[in-house]
1. Just to be sure, is Lys272 basic (Lys, Arg), over 19 Å from Leu295 (Cβ atoms), surrounded by fewer than 24 Cβ atoms within 10 Å (Cβ to Cβ) and touching a residue at least 12 places away in the same chain (Cβ under 8 Å)?
2. Given the conditions (1) open to solvent by 30 Å² or more (accessible area, probe 1.4 Å); (2) among the acidic types (Asp, Glu); (3) in the same structural domain as Val387 (by TED's automatic domain parsing), which single one is not true for Glu297?
3. Of all residues in segment 104-120, which are open to solvent by 10 Å² or more (accessible area, probe 1.4 Å) and farther than 19 Å from Ala290 by Cβ?
4. Somewhere in segment 335-357, is a residue surrounded by fewer than 17 Cβ atoms within 10 Å (Cβ to Cβ) and of a type in the set (Val, Ile, Thr)?
5. Can you name every residue in segment 78-103 that is within 23 Å of Leu305 (Cα to Cα) and open to solvent by 30 Å² or more (accessible area, probe 1.4 Å)?
6. Keeping to segment 130-151, report how many residues are open to solvent by less than 70 Å² (accessible area, probe 1.4 Å) and either within 15 Å of the ligand (Cβ to nearest atom) or part of a helix (DSSP H, G or I) (or both).
7. May I ask you to verify whether Leu70 is modelled with pLDDT of 95 or more, under 18 Å from the mean Cα position of the chain (by Cα) and away from the ligand (no atom under 16 Å from the Cβ)?
8. When you go through Ile383, Ile344, Ile359 one by one, which is the residue that is in contact (Cβ under 8 Å) with a residue 12 or more places away in the chain, among the β-branched types (Val, Ile, Thr), more than 16 Å from the ligand (Cβ to nearest atom) and within 28 Å of Ser26 (Cα to Cα)?
Amino acid sequence: MTAPGATLKSSLDIKKIREDFPILSSEVNGKPLIYFDSASTAQKPKVVIDSVSNFYKYQNANVHRGVHTLSQEITVAYEKARVTIQHHLNAAHPHEIIFTKGATESINLVAHSFGKKYIQEGDEIIISEMEHHSNILPWQQVCEEKGAILKVIPMNEAGELMLDEFEKLLSPKTKIVAVNHISNTLGTINPIKAIIELAHRNHTPILIDGAQAVSHTLVDVQSLDADFYCFSGHKLFGPTGVGVLYGKEKYLNEMPPYQVGGGTIKTVTFKKTEYADLPLKFEAGTPHIAGGIGLAEAIKYVNLLGLENIAAYENSLLEYATIELNKIEELRIIGNAKNKTSVISFVVEGLHPFDIGTILDQLGIAVRTGHHCTQPIMQHYGIQGTVRVSFAFYNTKDEIDTFIKGLERAIKMLK
Ligand SMILES: Cc1ncc(COP(=O)(O)O)c(C=O)c1O
């Protein structure tokens, strides 16, 4: 066990890394900011901020539509960003990478377009009990529109998906499975390789919501054999308003466009429109150009640190914080999966999470409170909400010590 005051071992130079994130040296409510809400949105390193700012200062032009130099140069840069993302996910082709607004839009795209093409009345869609609302609502809509049925993989008390129950749900009626890689509320890392294999044994394609995973783990969509994999740029230290949908070429080619308009076409007459090839078929309108370029910079930054090093360090933060939190008698951690990432949800007997969060905020400590867009998880545990702390590689053991002291103080004040 690590003693308070000691530092955690890491191959990363955390002090130096923190200097890359301007916001981490700021104060909130007169106290140095302790940012424990990276699962909600991660902070941005200077290289990302600079790339966005440089775009507007020196490169601003539209992509894919101009003969002038600026437009051509930025088109090259934007397409290079797509290739960076392709390599990061080890996708087979750049055109299997679709730029979206974020994970939510990626899931809506698949639900809408895949649903339109492949789902009929009486078909079944499987999701899990621990999904973010963004991976529930789009499927509920498809079910409503098509007369399909939503099935839900249950989880156990530790917050782990019950794979034997998943196997029982799979049938010839199952048309698609959609589950998250990592739960934003419980921190559970789901065994997605096994889940994908089970779906494929049933000849069912699967979407993995990787919104919480890409900042903690390397993802290889080909070795996983994922049919769709999506995430948001802002949780991977990139800009807000940009995200990614990876899809296998064979599905993306067959699926109809999600939104239509400028950029998505080859020819338009009033009689007939012929749509563009991938990826433009799915990218209607002017995209978030600075966002795509900034996201590629974020990926390069994370890869310089090394996702294995990041995961190892974050695990030590998780382990230390879990031990310290468990020392507080009235406190109960929600989500005790064997395989967890650096997200901890907890409740304190008799106290409202919002009150705890408000006091911590006065101490400069940013935590998330509420249902975290996962009301079915709250229903499972019979609670209204939790306090959630989520760590990134720029957090430290000293910050955890300050947080624990602040939490004890908050509990004393509120009891
Ligand atoms: C697991 C998961 N899926 C989807 C989302 C939605 O992401 P966004 O709001 O960036 O679209 C989130 C956001 O918290 C998430 O944690």
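The values are calculated or read from the model by the stated rules, or taken from the named source; none is laboratory data. Bear in mind that the values here come from a model prediction, so they are computed numbers and not experimental data. Note: ideal-geometry Cβ built from the backbone for every residue, glycine included; neighbour counts use all protein chains shown. These accessible areas exclude ligands, DNA and RNA; they are computed on the full protein's heavy atoms, side chains included. Shrake-Rupley method; radii C 1.70, N 1.55, O 1.52, S 1.80 Å.
1. no
2. Only one criterion in (1) open to solvent by 30 Å² or more (accessible area, probe 1.4 Å); (2) among the acidic types (Asp, Glu); (3) in the same structural domain as Val387 (by TED's automatic domain parsing) is unmet by Glu297, namely (3).
3. Once the filter is applied, which keeps residues that are open to solvent by 10 Å² or more (accessible area, probe 1.4 Å) and farther than 19 Å from Ala290 by Cβ, segment 104-120 yields Thr104, Asn108, His112, Lys116, Lys117, Tyr118, Gln120.
4. Scanning segment 335-357, I find no residue that is surrounded by fewer than 17 Cβ atoms within 10 Å (Cβ to Cβ) and of a type in the set (Val, Ile, Thr), so the answer is no.
5. The answer is Lys80, Val83, Thr84, His87, Asn90.
6. 12
7. When the stated conditions are applied, Leu70 does not pass them.
8. Criteria check complete, one pass: Ile359.
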